[in-house]
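Enquirer: Quick one: the structure is below, questions incoming.
The values are calculated or read from the model by the stated rules, or taken from the named source; none is laboratory data. Keep in mind the model is a prediction, meaning the values are calculated, not measured. All Cβ positions, glycine included, derive from the backbone under ideal geometry; neighbour counts span all protein chains shown. Accessible surface is based on the protein model in full, side chains and every heavy atom, while ligands, DNA and RNA are left aside. Shrake-Rupley method; radii C 1.70, N 1.55, O 1.52, S 1.80 Å.
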Amino acid sequence: MFNNLFKKLFNKIEIHTIRTKLIISFLIIGLLPILLSGLLSFNIYRGAINDRISAYSQEMVNRMERDLEDYISEIETFLSREQDFYINQFIKLTQANDFRNNRKYAFRIWEDFNNLKQMKPGLEDIAITFQDGRRISSYGTYNIDLENFRARMYSDSSGDISFTSPYTNYLQQEVITIVSSYYPEIAEENVLISADIDLDVLANLTDFNLGEKSYFLIADQNGDIIYHPNQELIGERSLLYNAGFPDRKLNLNGEQYILTSTFSYATGWYIISMASADEVEAELNYITDITLYMTLVVLLIIILLTIYLSSSLSRPIQKLQELTHRASENDLSVKIDTSGNDEIAELGQSFNKMIRRINKLMEQNVREQKLLRKLEMESLDNQIKPHFIYNTLDLIIGLLENKDFDRATHMVEALGKFFRLSLSHGKEMVLIRNEIKHVKNYLFIQQFRHGEEYEYIIDVEDHEIMDKHIPKLILQPIVENAIYHGLLPSEKKGLVIVKGYRENKNIYFKIVDNGVGIPAAKVDEINKILTGRLETDDQQKYFGLRNVDQRLKLMYGGSSGLRVESVEGEKTTVIIRIDQRGGK
């Protein structure tokens with residue numbers, strides 16, 4: 001059962017080496033108990049740590065709730081005071097627009113307000129606000145937008161006291177305001193008594209250290225943030241709000257947090273603790289390190305034992321793999337030194353036999369290729385010589401019969417030079433200088449034969465290339481095509497230009513004729529055949545062009561070869577390119 005299970009596992013994850021299979025097997029057997037026990041201990045300890053932090057966070061938010069309610073209760077006690085003689089008289093005279101007589105009451109109220117501010121840290125301002133927006137505070141008298149002020153207010157659970165969301169007050173301070181209605185017995189209408197509390201008070205109340213990433217925040221019953229360490233979030237709807245702030249573990253901005261909260265019925269606020277799970281679980285590093293070190297020690301022992309036990313089996317296989325790879329990279333000089341009579345030794349002997357057989361086949365193939373190239377050259381020579389010799393000899397005989405001995409002598413000399421250069425002592429590679437002479441003799445003979453119906457120009461710009469070697473009979477077949485297929489069918493005075501030059505360390509030849517040209521479709525067909533993009537079953541089709549192109553590619557690589565360009569009725573250009581190895 002376990003054997004089949006391991007086989008399926010190895011096949012699925014594509015582990016095929018014997019050493020790897022042995023190592024993984026021992027690792028699974030040795031590490032599995034340690035990993036299971038370590039993981040179980042780790043999870044139990046982590047759960048205990050999380051429970052302890054959750055309890056501590058809950059204790060902290062409960063303590064904050066009590067401190068906050070005590071602070072707010074003292075403010076509410078003042079705002080919910082019974083009838084105050086000075087406030088009543090001030091309100092009465094203010095509503096009667098008797099500002100001269102209410103001045104002494106105003107001073108007394110300012111004095112009381114300022115004394116209370118001194119006694120209560122974080123209390124920024126105390127004010128009385130009339131229904132028309134006039135306000136007297138510890139800082140003086142000014143007007144406010146009462147409708148906007150009321151829009152920020154919401155009541156606590158009792159409905160007697162109201163709170164505002166955080167805002168910037170008259171003195172450009174970030175505050176929340178506690179508001180109570182005051183109903184003077186002698187006045188015509190009620191007024192609002194309010195106290196501005198600096199948000200720093202909330203920051204001080206939540207100043208408990210749970211860690212660098214942990215923090216506390218306060219939000220109202222709608223989820224709007226009243227206090228947050230990041231002041232840019234104050235006044236925004238909290239992303240954590242979900243019909244309240246239920247305790248849970250969550251992901252926020254890529255960090256794991258443990259959320260703990262409590263609700264203050266006195267203020268209608270939530271006090272929320274955000275404890276960083278990473279910092280909480282930092283205490284687990286010790287037990288994690290111990291587990292890791294033990295695992296590494298066991299792993300090292302298992303690996304050493306596995307290497308020792310598997311090396312005798314895997315070493316000859318690895319050597320065979322290495323030599324097989326070298327053989328696949330065309331290094332056929334490899335040989336395996338075999339010893340013993342086991343299956344691996346037999347495999348090595350078979351490998352050596354295979355390499356010897358491949359070497360013999362490759363040597364045979366090289367000989368056949370050389371013979372094939374030689375036969376191709378002979379075939380080309382045989383195509384050139386017979387009809388050319390017959391026609392030229394007929395011409396010489398005619399000259400002799402007409403007793404034109406001088407011209408007959410020139411023709412015999414040109415024909416002799418032509419065949420002497422053509423034979424080139426059996427060498428396949430010739431100097432460009434000799435190839436140019438060969439073409440010049442050929443053109444001289446052909447021009448004489450055809451009654452000087454065309455002229456020719458041979459131009460080599462870079463004379464240094466004259467001493468470079470190229471395969472013989474590269475230019476003559478192209479020039480022959482230019483004469484017979486370009487110039488002779490044309491009715492105008494013909495011209496053949498043979499131009500040689502060097503460009504970017506490559507050698508180029510251009511054979512240009514001003515004959516009848518080639519149709520565009522046929523030019524495209526020729527170039528596709530030459531580049532291998534089009535196959536042809538007729539081996540005689542474009543034989544001369546294909547022979548030259550294939551010999552150049554065989555000698556210099558695929559970047560060398562022929563390209564044909566033509567304008568029908570005007571001219572044809574054949575470009576021969578010999579790449580950087582052409583100057584060898």
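Enquirer: Convex hull over the Cα atoms of the stretch 470-584, averaged projected area in nm²? Can you show the working numbers first?
Expert: Working: hull surface 28.4 nm².
Result: a mean projected hull area of 7.1 nm².
Enquirer: Could you list which residues have their amide H under 5 Å from that of residue 124, counting only those 5 or more apart in sequence or on another chain, with H placed in the peptide plane?
Expert: Result for residue 124 returns 196, 197, 198.
Enquirer: Now for a separate question. Evaluate the charge dipole of the stretch 62-120 about its Cα centre and quote only its size in Debye, nearest 20, assuming +1 on the Cβ of each Lys and Arg and -1 on the Cβ of each Asp and Glu. Walk me through the numbers on the way to the answer.
Expert: Values: 10 positive and 11 negative charges, 94 e Å.
Charge dipole of the stretch 62-120: 460 debye, to the nearest 20.
Enquirer: Explain nothing, just compute: Karplus ³J(HN,Hα) = 6.51 cos²θ - 1.76 cosθ + 1.60, θ = phi - 60°, for every residue of the stretch 292-298 in order, whole Hz, x for Gly and Pro.
Expert: 5, 5, 4, 5, 5, 5, 5
Enquirer: Then there is this: Tell me the per residue accessible area of the stretch 524-572 using a 1.4 Å probe; a whole number in Å² is fine. Before the final figure, lay out the partial values.
Expert: Numbers: 2680 Å² over 49 residues.
Heavy-atom SASA per residue in the stretch 524-572 reads 55 Å².
Enquirer: Okay, next question. Karplus couplings for the stretch 477-492 from phi (6.51 cos²θ - 1.76 cosθ + 1.60, θ = phi - 60°), rounded to Hz, Gly and Pro as x?
Expert: Listing the rounded values in order: x, 5, 5, 4, 4, 4, 6, 7, 9, x, 7, 4, x, 8, 9, 9 Hz.
Enquirer: How big is the Cα convex hull of the stretch 77-136 in projection, averaged over all directions, in nm²? Numbers along the way, then the final one.
Expert: Numbers: hull surface 17.7 nm².
In nm², the orientation-averaged hull projection of the stretch 77-136 is 4.4.
Enquirer: Let me ask you something else. Taking the alpha carbon gyration tensor of the stretch 498-541, what are the square roots of 5 times its eigenvalues, largest first, to the nearest whole Å? Kindly include the intermediate steps, with their values, before the conclusion.
Expert: Working: eigenvalues 122, 55, 18 Å².
After scaling each eigenvalue by five and taking roots: 25, 17, 10 Å.
Enquirer: Using a probe of 1.4 angstrom, how much of the accessible area of the stretch 438-584 is carbon and sulfur, in percent?
Expert: 47 percent
Enquirer: Of 534, 519, 545, which is farthest towards the positive pole of the stretch 488-584's charge dipole, taken about the Cα centre with +1 and -1 on the beta-carbons of Lys, Arg and Asp, Glu respectively?
Expert: 545
Enquirer: Let me ask another. Check residue 566: other-chain or 5+ apart residues with amide H under 5 Å from its amide H, H built from backbone geometry?
Expert: Residues meeting the criterion, in which the H sits 1.01 Å from N, are 573.
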